[in-house]
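The values are calculated or read from the model by the stated rules, or taken from the named source; none is laboratory data. In this text, all values refer to a predicted model and were calculated from it rather than measured experimentally. Neighbour counts run over all protein chains shown; Cβ positions are idealised from the backbone, glycine included.
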């Protein structure tokens with residue numbers, strides 16, 4: 001069974017990015033019933049603290065790292081806050097990027113969608129987010145950028161967006177992600193040193 005981990009970079013209830021993630025989940029469950037689609041709750045992670053990390057002291061972080069390690073790929077949808085990905089998403093990536101060179105993200109394919117209620121579609125967050133992910137060892141999914149603007153005006157239902165153009169863009173990104181997924185190399189949880 002394939003696991004695609006889904007991450008919304010927005011905490012806001014009713015966020016456009018959470019709607020993107022809901023749409024991706026609907027696409028995967030409708031067309032790929034053997035694909036699992038767990039989500040990563042960014043609220044559960046404390047602020048990054050190297051002292052805590054050095055003693056492996058956060059159960060939430062260990063769980064998040066295990067979730068990423070058990071995934072074949074990730075799909076992240078993010079807004080732009082002042083031209084960058086939100087701090088809560090960056091904080092999660094800081095935790096997931098450790099230990100350096102052998103992080104949960106090392107060699108992991110990641111697809112990025114940007115979305116917002118504005119017409120810029122959060123696209124200015126993409127370069128910085130790609131940079132952080134690549135520094136953490138992730139492999140960016142080879143696909144044209146997907147940026148969804150004016151998200152609050154788009155047709156949707158309880159399972160995400162229904163606009164045909166949005167669904168088609170996300171279906172294409174999902175297929176590219178599935179094509180680039182990697183076999184899991186870590187079958188055993190890592191033992192802290």
Can you tell me which residue within the range 103-121, out of those that are touching a residue at least 60 places away in the same chain (Cβ under 8 Å) and more than 14 Å from the chain's Cα centre (by Cα), is surrounded by the most Cβ atoms within 10 Å (Cβ to Cβ)? 116
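So in the range 93-139, with the set limited to residues that are touching a strand residue (DSSP E or B) at 6+ places or on another chain (Cβ under 7 Å) and in a helix (DSSP H, G or I), which one is farthest from residue 47 (Cα to Cα)?
Applying the first criterion (touching a strand residue (DSSP E or B) at 6+ places or on another chain (Cβ under 7 Å)) to the range 93-139 yields 107-115, 121-123, 125-126, 128-130, 133-134, 138-139.
Cutting the leftovers down to in a helix (DSSP H, G or I) gives us 123, 125-126, 128-130, 133-134.
Working: 123: 25, 125: 21, 126: 22, 128: 20, 129: 18, 130: 21, 133: 18, 134: 21 Å.
Filtering the range 93-139 for residues that are touching a strand residue (DSSP E or B) at 6+ places or on another chain (Cβ under 7 Å) and in a helix (DSSP H, G or I), the one farthest from residue 47 (Cα to Cα) comes out as 123.
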Return the total of residues in the range 36-72 being touching a strand residue (DSSP E or B) at 6+ places or on another chain (Cβ under 8 Å), in a helix (DSSP H, G or I) and within 17 Å of residue 106 (Cβ to Cβ). 2
All-but-one check, residue 64 against (1) under 20 Å from residue 146 (Cβ atoms); (2) surrounded by 21 or more Cβ atoms within 10 Å (Cβ to Cβ), failing number (1)
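Within the range 146-161, track down each residue that is exposed (fewer than 14 other Cβ atoms within 10 Å of the Cβ) and either touching a strand residue (DSSP E or B) at 6+ places or on another chain (Cβ under 8 Å) or not in a loop (DSSP other than H, G, I, E, B) (or both). Step through it out loud before you land on a result.
Kept after step one, since they are exposed (fewer than 14 other Cβ atoms within 10 Å of the Cβ), are these residues of the range 146-161: 152-153, 155, 157-158.
Correct list: 152, 153, 155, 157.
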Go through the range 74-92 and report how many residues are buried (at least 22 other Cβ atoms within 10 Å of the Cβ) and assigned to a helix (DSSP H, G or I). 2
Consider residue 139 against the criteria (1) touching a helix residue (DSSP H, G or I) at 6+ places or on another chain (Cβ under 9 Å); (2) crowded, with 17+ Cβ neighbours inside 10 Å; (3) closer than 23 Å to residue 64 by Cα: it satisfies all of them except one. Which criterion is unmet? (2)
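Assigned to a loop (DSSP other than H, G, I, E, B) and either modelled with pLDDT of 95 or more or under 14 Å from the mean Cα position of the chain (by Cα) (or both), is that true of residue 142?
On the way: assigned to a loop (DSSP other than H, G, I, E, B): yes; either modelled with pLDDT of 95 or more or under 14 Å from the mean Cα position of the chain (by Cα) (or both): yes.
Taking the combined requirement at face value, the residue satisfies it.
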Can you tell me which residue within the range 163-193, out of those that are in contact with a strand residue (DSSP E or B) (Cβ under 8 Å, 6 or more places away or on another chain) and modelled with pLDDT under 95, is farthest from residue 58 (Cα to Cα)? 180
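Of the residues that sit in the range 1-35 and are part of a loop (DSSP other than H, G, I, E, B) and in contact (Cβ under 8 Å) with a residue 40 or more places away in the chain, which one is farthest from the chain's Cα centre (by Cα)? Can you show your working first?
In the first step, residues of the range 1-35 are kept if they are part of a loop (DSSP other than H, G, I, E, B); the result is 1, 9-15, 32-34.
Imposing the further condition that a residue be in contact (Cβ under 8 Å) with a residue 40 or more places away in the chain reduces the set to 9-11, 15, 32.
On the way: 9: 7, 10: 11, 11: 13, 15: 15, 32: 19 Å.
My answer is 32.
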